[in-house]
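Input: a single structure, listed below in structure tokens.
The values are calculated or read from the model by the stated rules, or taken from the named source; none is laboratory data. All of these numbers come straight from a predicted model, not from anything done at the bench. Using ideal geometry, Cβ is built from the backbone for each residue, glycine included, and neighbour counts are taken over all protein chains shown. Side chains are part of the model used for accessible areas, which takes the heavy atoms of the whole protein and leaves out ligands, DNA and RNA. Shrake-Rupley method; radii C 1.70, N 1.55, O 1.52, S 1.80 Å.
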Amino acid sequence: MRTRTPPLAPGKLTDDVTVHIVLNDFGEKLGRAFLETDEAEADEWTIVSRIISGEYSNPVRVVAFNIAEGWSRDVTEDIAQAMIERGRSENHFSKSAKEFIERTLGKSVEILQ
């Protein structure tokens, strides 16, 4: 008798949600990769929090998509702007977050605080 393997994806996914994924640069040897993200943690607030806290070593791009609405787009500048707003209230930016903002918006984080 053959055993059936359960499907990798859950039976019912929520399609009407905007998902954010981060492209991280791991350096010359490893290159760039979009990082695996749990569906429940792929919202803008969580991605901004993770970049600010330094959970991504070198984020270079953020892409958002919504399957139900049929769109995807580069939201890198939007995320950098949201990070500035959040960072001001929390008064903290990791080194990689500062570099991400400066590279994306061309503005020094110290000037913005």
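Values as computed for the structure displayed
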quantity: Number of positions in the stretch 20-60 that are of a type in the set (Asp, Glu) and either in contact with a strand residue (DSSP E or B) (Cβ under 8 Å, 6 or more places away or on another chain) or open to solvent by less than 40 Å² (accessible area, probe 1.4 Å) (or both); calculated: 4
quantity: Options Val109, Val60; residue that is within 20 Å of Phe34 (Cα to Cα) and either hydrophobic (A, V, I, L, M, F, W, C) or within 18 Å of the chain's Cα centre (by Cα) (or both); calculated: Val60
quantity: Residues (of a type in the set (Asp, Glu) and either more than 17 Å from Ala82 (Cβ to Cβ) or not in a helix (DSSP H, G or I) (or both)) located in the stretch 13-42; calculated: Asp15, Asp16, Asp25, Glu28, Glu36, Asp38, Glu39
quantity: Selection within the stretch 63-83 - closer than 15 Å to Glu102 by Cβ and buried (at least 18 other Cβ atoms within 10 Å of the Cβ); calculated: Thr76, Ile79, Ala80, Met83
quantity: Residue check for Val109: farther than 23 Å from Thr18 by Cα and in contact with a Phe, Trp or Tyr (Cβ under 8 Å, 6 or more places away or on another chain); calculated: yes
